[in-house]
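The values are calculated or read from the model by the stated rules, or taken from the named source; none is laboratory data. Predicted model only: the values in this text are computed from it and were never measured. FYI the Cβ positions are ideal-geometry reconstructions off the backbone, even for glycines, and counts take in every protein chain you see. Just the protein is used for accessible areas: all its heavy atoms, side chains included, with ligands, DNA and RNA removed. Shrake-Rupley method; radii C 1.70, N 1.55, O 1.52, S 1.80 Å.
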Amino acid sequence: MTIRTWLTPPPRRPAEPLDPSGRRALWIEITIVLLVTFGLSGLSSMLSLLESALAPAPLSDQTVALNVPRSSQQFIDLARQLLGIVRLLAWAALGVYLLWRSGIGPRAIGFARDQFRRGLLPGVGLAALIGIPGLGLYLVARAVGLNLTVAPSTLEDYWWRLPALVLWAIANSAAEEVLVVAYLITRLRQLGWSENSSLLASALLRGSYHLYQGVGGGIGNVVMGLVFGRYWQRTSQLWPLVVAHALIDSVAFVGYQALRGHVSWLP
């Protein structure tokens, strides 16, 4: 399959037109879901970027941490970390449930349990395709002053730190790929949006809630969203995206803890 083929939207039968009441209900559902989840995160990230831009220090001299302590008490911190992980998994479950209630089950979006193994190898490939250039883009954006310094974790060195970071990576990947790709693109298709328009909306949403990292973080995640979204449109397989995203985040979170203090460009 050529690059040109991947850039071309896959052919699809037009969605059955919705009556005005059905369209309104679908827009209300999308709005509520996004305000509860990543849409609100996107608005908050925009404010964070504006706040950072107005600060006296350049963006590259400012640091943002992704996984931070939530209590000075070890076991309360662990409990709150687990609650945050459960919240993200609940967001993913919400997207799967809403699609299932409308007749689109996990198998239709490529997220059934028996489809997991088939998604492993493509997921590793996608992780390499996105992760390696993504690191380069981050370093360039930080060097030219368009990105904050990202510290993947500032958790204390407790026994549960590394397992918690891996669970955060898995929960992040499940929530983002289910809601931002499978759920949103499916719903926009039902509203009559073209494949390219729904893909762009999904990618821009992904970029928006990463803007707290800086302009580079936003752009990098828009590119990731375009690649991931088109892959799903072409294959209807969600597991490779979840696997790839979980691998990228796990390497970033755990690798940071292993290399911190040994590599000069890590904060």
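Worth a mention:
- Top-ranked residue in region 17-55 [being touching a residue at least 24 places away in the same chain (Cβ under 8 Å) and in a loop (DSSP other than H, G, I, E, B); ranked as most open to solvent (accessible area, probe 1.4 Å)]: PRO17
- Residues satisfying the stated conditions in region 56-90, i.e. open to solvent by less than 40 Å² (accessible area, probe 1.4 Å) and not small (Gly, Ala, Ser): LEU59, GLN62, VAL64, ASN67, ASP77, LEU78, GLN81, ILE85, LEU88
- Selection over region 154-208 of residues that are charged (D, E, K, R), modelled with pLDDT of 95 or more and closer than 21 Å to VAL64 by Cβ gives a count of 2.
- Hey, GLY145 at positive phi and touching a helix residue (DSSP H, G or I) at 6+ places or on another chain (Cβ under 8 Å) or not: yes
- Residue list for region 107-123, restricted to those being of a type outside the set (Gly, Ala, Ser) and not in a helix (DSSP H, G or I): ARG107, ILE109, PHE111
- Meets criteria (open to solvent by less than 20 Å² (accessible area, probe 1.4 Å), in a helix (DSSP H, G or I), in contact (Cβ under 8 Å) with a residue 40 or more places away in the chain and hydrophobic (A, V, I, L, M, F, W, C)) for LEU126: yes
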